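The values are calculated or read from the model by the stated rules, or taken from the named source; none is laboratory data. All figures in this text were calculated on a predicted structure; none of them were measured in a lab. Cβ sites come from the backbone with ideal geometry, for glycine too, and all protein chains shown count toward neighbours. SASA here: full protein model, heavy atoms, side chains in, ligands and nucleic acids out. Shrake-Rupley method; radii C 1.70, N 1.55, O 1.52, S 1.80 Å.
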Amino acid sequence: MVDDKQFDTLLQEKRVFRPSRDFSKQAHITSMAQYREMYEESIKRPSRFWTKVANNFHWFKKWGKVLEWSEPHAKWFVGGETNISYNCLDRHLTTWRKNKAAIIWEGEPGDSRILTYQELHREVCKFANAMRSVGIRKGDRVIIYMPQTPEAAIAMLACARIGAPHSVVFAGFSANSLRDRIDDCRAKAVLTADGGFRRGNIVPLKKNADEACKGAKSIKKMIVLRRTGNKVTMKRGRDHWYHDLMENASTDCPAARLDSEHPLYILYTSGTTGKPKGIMHTTGGYMCGTYLTSKYVFDLKDEDTYWCTADIGWVTGHSYIIYGPLLNGATSVMYEGAPNHPDPGRFWDIVEKYNINIFYTAPTAIRAFMKWGDDHPNGRDLSSLRLLGTVGEPINPEAWMWYHKVIGGERCPIVDTWWQTETGAIMITPLPGATPTKPGTATLPFFGIVPDVVTKDGVSVGPEGGGLLVVRKPWPSMLRTIWGDDARYKKQYWSDVQGCYFTGDGARRDKDGYVWIMGRVDDVINISGHRLGTMEVESALVANPDVAEAACVGIPHEIKGECIAAFVTMKGANRKNDKLEKKLKEWVVKEIGAIARPDYMRFTDALPKTRSGKIMRRLLRDIASGADQVGDTTTLEDISVLQSLQQYQDE
Ligand code: WTA
């Protein structure tokens, strides 16, 4: 929901930061005039614009039409044949980049590895052959449930090489969440590890995977990386060790010729209703979108050491640790662990150790660093940094200013990038050598993107007006559908505002045309930049045999942006009970994963509902965030429910 208080502070935000002359001079895009000219071309002559981009790549077969659009279905580079793994790797091997670092990896315990383009290519070819040797073929879905190791990147690129769509499942998700995803895409194989390191502990990934695969009929194979050395059980016939398969695998694996629209991956993300949706991305358009945004938004140069701190389990890890940077022949840093392990200076140690130039992280991390104190960054040499970025949620101006001063030393431009799992690549963003930035806004559209802020009827609202954020034209890296449910794809994204893709976000545009994202307008909660549907947490709660009914809402949280407050009605007596609360919270963690653990839990005899039986989450939100006055209650069926909830609050 658009929060009025936030709206007010953003309205008062008047500070403007222009790129320094030095930065602009060396940038790919040096001025607003250049941005405008290229933007114009990208909108007026999209075929010409995207042809130039696609020509950077190797195509086994040239495409015919650039775009075939039949709302809401897009095909880009129609009939073309290519391979994104080839374009991330092989393409660089005939250049000086052959021995350039592709991935610099830092493990949580402090171990480190560097893979050059040549080495990464070799490992990817071997692993592609290893997967083939156990029967994985083009079109088979492969789940990747691995710690953030080079092998996770190798696995993704190997899948892409043979045309087996990957679906990376965040290693923090539970066995149940993993099973849902396996079943939904009917995956043939799971790639996992004995364990992963997280804050010094071992996450039992193989054990979770075993549990998830119980009864999962589609799963034929499991490949297990040895990472932590803890004991696991291997199921004969189904399970193979990664290192065993790699031992005899050939290094010769020509990349498959794939149609431009061949599915590259499925990534699950939360929506308002039901189970997570499998967002499907394809090959050619995604390649162009991630390549171009990486180049221009991060002003990526061959000399740069670039670090995106995301997890590969989320879209940011896909597009901006792996595909976008490697398509550019860049050096991408990958870190396995937590930002505060062994101490809150870990990120800054990494910046110092590798002389990071470009640093891309989430507002939630920035707020945590602010809380941990300036001593940590101040005690490290951060002078290598030249550009900073954020993604995942609105950044509050206070956190923006801190990032600018304490991390950026007031010299680094900040790119606040708005996009979604569905959009595949960055959509609204400053270009660091051109765009004057203001704390709290993602500013202007990227090339080829036509966003608008509209009323429910699709009418553009004028300057300073608020409304729904939509995109008016198809773009190359857009999702193609929801895996296995095209009807849901249409309904979810293409039915709210006629003729437009609806993002689910509310936004406002200021007099300079800058877009200020106000947050979700639906029941999606953004916790630490990760999306969760209230429905998912509610379904998890009511799956507990003692729970009668549950309603969850997102409420503001100092560090996480939002956190979950759960209102629960138990079967039988509803006594406030700490033990019960703990038990139910653990239950949610087991059902979904630790990110879904409710911060607050209230037990109640009844939930506030409308006459038609809809839970009034708006009122619950007011109660949970401790507002003195709750909003409009005219549609509430039984006012006494509210009174007892408020009373409970005062207890
Ligand atoms: C929010 C993450 C404000 C937004 C790449 C969007 C943002 C959702 C920003 C997508 C930003 C992302 N400013 N809000 N710069 N970036 N969001 O799919 O609500 O995990 O719809 O993709 O995060 O989250 P997702």
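Just a few scattered comments:
- Qualifying residue in the range 139-153 (condition: small (Gly, Ala, Ser), closer than 30 Å to Gly533 by Cα and crowded, with 24+ Cβ neighbours inside 10 Å): yes
- Residue selected from the range 584-597 under the condition of a type in the set (Gly, Ala, Ser) and buried (at least 18 other Cβ atoms within 10 Å of the Cβ), by the criterion farthest from Gly554 (Cα to Cα): Gly593
- Scoring Ala256 on the criteria (1) within 22 Å of Ala171 (Cβ to Cβ); (2) outside any strand (DSSP E or B); (3) aliphatic (A, V, I, L, M); (4) within 28 Å of the chain's Cα centre (by Cα) leaves a single failure, condition (1).
- Asp496 within 15 Å of the ligand (Cβ to nearest atom), modelled with pLDDT under 90 and open to solvent by 10 Å² or more (accessible area, probe 1.4 Å): no
- Sole exception among (1) more than 14 Å from the ligand (Cβ to nearest atom); (2) in contact (Cβ under 8 Å) with a residue 12 or more places away in the chain; (3) closer than 29 Å to Asp311 by Cα for Gly440, by number: (1)
- Residue within the range 137-154 that is more than 28 Å from Val53 (Cβ to Cβ) and of a type in the set (Gly, Ala, Ser) present: no
- Considering (1) in contact with a strand residue (DSSP E or B) (Cβ under 7 Å, 6 or more places away or on another chain); (2) closer than 21 Å to Leu532 by Cβ; (3) among the β-branched types (Val, Ile, Thr), the lone condition that Thr604 does not fulfil carries the number (2).
- Number of positions in the range 375-393 that are buried (at least 17 other Cβ atoms within 10 Å of the Cβ), more than 16 Å from the ligand (Cβ to nearest atom) and assigned to a loop (DSSP other than H, G, I, E, B): 3
- In a residue-by-residue description of the range 203-226, the property of being touching a residue at least 60 places away in the same chain (Cβ under 8 Å) and on the phi > 0 side of the Ramachandran plot applies to no position.
- Hey, Glu581 of a type in the set (D, E, K, R) and either open to solvent by less than 20 Å² (accessible area, probe 1.4 Å) or within 16 Å of the ligand (Cβ to nearest atom) (or both) or not: no
- The lone exception for Leu431 - which of (1) within 15 Å of the ligand (Cβ to nearest atom); (2) under 25 Å from Arg531 (Cβ atoms) it fails: (2)
- Per-region count, the range 537-585, residues of a type in the set (Lys, Arg) and under 22 Å from Asn176 (Cβ atoms): 4
- Scanning the range 394-451 for residues that are open to solvent by 10 Å² or more (accessible area, probe 1.4 Å), modelled with pLDDT under 95 and under 16 Å from the mean Cα position of the chain (by Cα) gives a single hit, Pro394.
- Qualifying residues in the range 178-222 (those that are polar (S, T, N, Q) and not in a strand (DSSP E or B)) - the one nearest to Asp111 (Cα to Cα): Asn208
- Among (1) touching a residue at least 40 places away in the same chain (Cβ under 8 Å); (2) surrounded by 18 or more Cβ atoms within 10 Å (Cβ to Cβ), the one test that Thr116 misses: (1)
- A count restricted to the range 19-63 and to residues that are in a loop (DSSP other than H, G, I, E, B), over 21 Å from Ala434 (Cβ atoms), open to solvent by 60 Å² or more (accessible area, probe 1.4 Å) and of a type outside the set (S, T, N, Q) stands at 2.
- Residues that are within 25 Å of Gln492 (Cβ to Cβ), of a type in the set (Ser, Thr, Tyr) and surrounded by fewer than 22 Cβ atoms within 10 Å (Cβ to Cβ), drawn from the range 248-283: Thr269, Thr272, Thr273
- Residues that are part of a loop (DSSP other than H, G, I, E, B), more than 16 Å from the ligand (Cβ to nearest atom) and not basic (Lys, Arg) were ranked within the range 274-327; the one that is nearest to Phe77 (Cα to Cα) is Thr283.
- Residues that are farther than 21 Å from Leu292 by Cα and touching an Asp or Glu at 6+ places or on another chain (Cβ under 9 Å) within the range 317-341 comprise Tyr335, Glu336, Gly337, Ala338, His341, listed in sequence order.
- Lys220 vs. criteria open to solvent by 40 Å² or more (accessible area, probe 1.4 Å) and at pLDDT 95 or above: yes
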